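Here's the structure, in structure tokens; my notes come after.
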Amino acid sequence: MSHRKINQLSEADLIYEIQESKKIVDKLQGHCETFAYPYGDSSFVTAQSESVISESGYKYAFTTTGGVLRKGTDRFRIGRSNIQGCVSLEKLYFFCRGIHPKLRFFRDRIVKNRFYNAKSPAGLIGDQISRRP
């Protein structure tokens with residue numbers, strides 16, 4: 001409702017912020033099962049906020065802490081990656097596979113000694129593009 005840091009709210013404000021925003025989103029968009037934490041940093045998430053989010057009918061909550069969804073990931077602390085509108089399909093492919101471009105750069109450059117050219121159309125993902133399934 002007000003986009004305040006969730007860990008700084010009183011219990012009453014926390015309940016109001018989460019439940020009222022859900023009512024509005026549900027009314028405007030239909031049923032909503034996902035919550036995005038204001039400011040997103042996982043350090044702002046508390047057991048109390050997770051409980052209120054769950055009791056309000058959300059099934060999942062997202063932080064802005066990067067990460068790949070894996071088996072066993074806490075469903076109320078799911079990380080997300082920032083993907084700009086100008087990202088190439090190749091880069092998006094590797095993001096979706098959980099391979100961050102910076103990690104690929106170091107793996108290709110140091111481990112496998114592959115040629116890296118940041119100005120190439122493939123950018124940070126090297127020669128793996130042609131081998132994708």
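What follows draws every value from the coordinates through simple rules; no lab data is involved. As the structure is a prediction and not an experimental result, all values here were calculated from the model. Methodologically, a virtual Cβ is constructed for each residue, glycine included, from the backbone with ideal geometry; neighbour enumeration extends over all protein chains shown.
For P38, neighbours were defined as the other residues whose beta-carbon sits under 10 Å from its Cβ, and their charges (Lys and Arg +1, Asp and Glu -1) total 0.
Residue pairs exceeding 26 angstrom between C-alpha atoms, taken from K23/K59; K27/K59; K27/K71: K27/K71.
Across the alpha-carbon set of the stretch 19-82, the Rg to Rh ratio works out to 0.97, Rh being the Kirkwood radius.
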